[in-house]
Every structure is written in C-alpha cells, then in structure tokens.
Amino acid sequence: MTSKIFSDVNIAIVGGGPAALVAAIALARRGIRTQVFERDAHPELSLRFNPERSYAIDISGHGLKALRYIDACNYFDARMFQFKGLKFRYGETEESGWTGSRGDILRSLMATIEAKYSEWIDLHFECRVHSVDVHTGILTYEFQIGGMNVQQFDFIIGADGAGSIIRKAMVEQIPEFTVQSKSLQNYSTMIELDLVGDKLDKHYLYGLAITPFCIAGAIAGEHGLDIPRWFCAIGTKTKQVFSTTEEAYLFLRKRVPKILELASEEKISAYAKRTCYHIGQTLTCSQLYGGKAVLLGDAAAAFPPIGQGVNAAMESSMVLDLCIGEIGTLPSQLLKAAKLYNNKWKLEADAVSWMSEKLLYENPFHLLRAMIATKLGLCIFNQAKSVDIPYSEVKRKAKRFGILWA
C-alpha cells in the first residue's frame, strides 16, 4: 500500500464508473481526498445488469494489473466469476481475472471503498454535473433532490464516459484541444441464453460463431454466483432488425445454429424485439489534459469493444496515480502530473484505438487475419490481454509484419 501523505488538495472526479472509482481508491491510498460526482444511483440500488446490453466483461491483463495495484482483488473474488480464458473454434487462450457485468464491477469497487476508504472519498450519486470551467476549476452540479451547487477545485478528473461533459468543455475552452471521431460498421444485439445448463463453463467466454461474430459469457445472477445468467453478443456489420420472431429464428438457424441449443423460444422472441446498438464509434483526443482537467477511460479515448474498454480505463487511472506519485500533490504539481500522464497514456490509448479498427464484424479479411494470426501466435487481440506488454508495444510489433496488420 502506498504511504499516505495527507494532502489537502481539492480534487473532483466526474463520473462513477470503473475508471473513476479506481482513481478515487488509488488517490485515497495516498491520503488524498476526492469528491466523486455520478449522475446514476448507487450501484447497490441499481440493476446488476441490463438485458439489452449485458454482455459479459472479462477483466484480465491490464485491468487485473490495476486492481492488484489498488489491492481490490478479494472484493472481485467474492462477486465475480474467476476467468480462465476464451474458447474459439480456431484456438483458445489461457487467462486469469474475472468475468461479469458492469454492475458487478462497480459493486466490487464500491465494496473496496466502503471497507477501506470511505473517509477519503465523498460519493455523490444521482448528481448531474452541468458545466465546468477547466481554467478555474469551477464545477456546477445539481443533485436529483436539491438545488444547484457551484464549487471550485484544484484539479478535475473527467471519467464521465464517451459522452464526457469534461471533454466537451475542454473542446470549447482550450483552442489547441481537438477531438477526432470515426464510425465503424460494427453493431451488436444481445440474446440471453437460458438453456446452457452444463454445456458451457462459466469461467470462460465462448466464440459461438465468426459471421456474425458471437461472444457468449456468464454474469452473476440475481442471487449471486450460484446461478449464473448467460448472454451472447451477436455482432453484425449492419443493423439487424426483425419484423417477427420467426424471422429472427430463421436468421439464427442459418447463421448461428448453436444458439438455438442454448436459448428458449421466449429468449429468441425477446431477441427479435431487442435494440441493435451501433458499437463502432471511436474517439481520439489531441491531448488528455488541459487547464485544471485531465481525462480517463472512455472520456479520454472511446473505442469499440475488443475486450479492452474497462481494462484500459482502469489502467489509465493507475497511470495517472503513478504520475501524481512521481510529481507531487500540490495544485501546481497536479497539473505537471497531468502532462506526464498525457505523455505516458495517450500512446497507449491511441494503440488500443488502432487495434479496434482491425476487427470489423463480418469482414472476411479481418476474420481470416485474426484466425491466421492466432494460429501463428501473432494475434494482437490476444497479446493486448497480457499484463506485461504495453498496448503501444503490441502495436509496434504488429506493424513489423506489414500487410498482416496494415
């Protein structure tokens, strides 16, 4: 555990997702108090999962490193399934970590806070941030019950997701701060698998098909880990819309017959009516800091799901904390730490964004490349899961193979 320095610096963390909570815990371990502002309800009062979007998230590699860094592993052991790897027709991986829903990730981090760091972290749930002045550090926010509040901070950490209000303020208030976005043709629809029984092992994620790209995994059920719930994300290059349940059934029978063994008629009917989400939006910032603000996780670099979103987000929080530890905690030092963080993490975030463009659903070349690379031990998506290999190093090595990852 990092030695505490009992700093009086005034820090706001906007957002209450995994990146925000890891950052708050890491800073608390240094004796730095923070205020966390989250628009949603406390995780214990929220649904554990949303059937519309409850794909199983695997925490491994970079995310596992971040959770070891804040000494939170025991709390994840108690709430999420141990993760052992991915199983595909063309290969398997061996990994360690956990799988589960985003809700259970948040509950595990909240349990860590409540057990060890509640005196260092002021959590403001159901609190919406309306505006921020990144130069003065003035934050305007409103509780669901209560009036408008205005408060000035020495340092503002934007961990408020892909639609970040902190990033928007930086675009508007810092001339040199720019954002580039790109839309990839990746879509995803969830289907619940309620007939799994002992056909699949809850400790693994499964690739049930390549075209469409289907990944199935288990998350904790309503009563915890004893009875898991299984979901499969069906990834397509176009938005899937079904006019009838029969139409959805025919699609599955033709394209993913394995699902018909694992899902009841009721779940197929629900799938036919379910929203198909576009998940192919990428976002790249020219820099990750400006004024008195710094960006973490999806606020800093949003990219399509390739198994690294939450993992990269939590690692970005760890990197920021290490930079603060290296530079210092005085207000002026925090700004220098933000610049150091930018120099270290932007390279990594850009590398993950680069990787995300190398797996377009139902793209024959991308799928063939992934299969060949996996057999040769050169798959960037497998290498990106390593605890020890930086994302930027995965990208650097991949580019040496020319057309394979061009």
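The values are calculated or read from the model by the stated rules, or taken from the named source; none is laboratory data. This one's a predicted model, so the numbers in the text were calculated from it and none came from an experiment. For neighbour counting, all protein chains shown are included, and Cβ atoms are generated from backbone atoms with ideal geometry for every residue, glycine included.
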The condition from (1) modelled with pLDDT of 95 or more; (2) part of a loop (DSSP other than H, G, I, E, B) that L47 misses is numbered (1)
Only one of (1) at pLDDT 95 or above; (2) more than 18 Å from V22 (Cα to Cα) fails for W354. Which number is that? (1)
List every residue pair whose Cβ atoms lie under 6 Å apart, where the two residues are 6 or more positions apart in sequence or sit on different chains, the first residue falls within segment 208-227 and is without any contact (Cβ under 8 Å) to a residue 24 or more places away in the chain, and the second residue, located anywhere, is of a type in the set (D, E, K, R). G221/R229
Inspect all residues belonging to segment 355-367 and state whether any of them is surrounded by fewer than 17 Cβ atoms within 10 Å (Cβ to Cβ), of a type in the set (D, E, K, R) and in contact (Cβ under 8 Å) with a residue 24 or more places away in the chain. yes
Quick check: is even one residue across segment 139-148 more than 28 Å from G307 (Cα to Cα), in contact with a strand residue (DSSP E or B) (Cβ under 6 Å, 6 or more places away or on another chain), loosely packed, with under 15 Cβ neighbours inside 10 Å and modelled with pLDDT of 95 or more? yes
Quick one: in segment 371-391, of everything that is part of a helix (DSSP H, G or I) and without any contact (Cβ under 8 Å) to a residue 40 or more places away in the chain, which residue is nearest to W354 (Cα to Cα)? I380
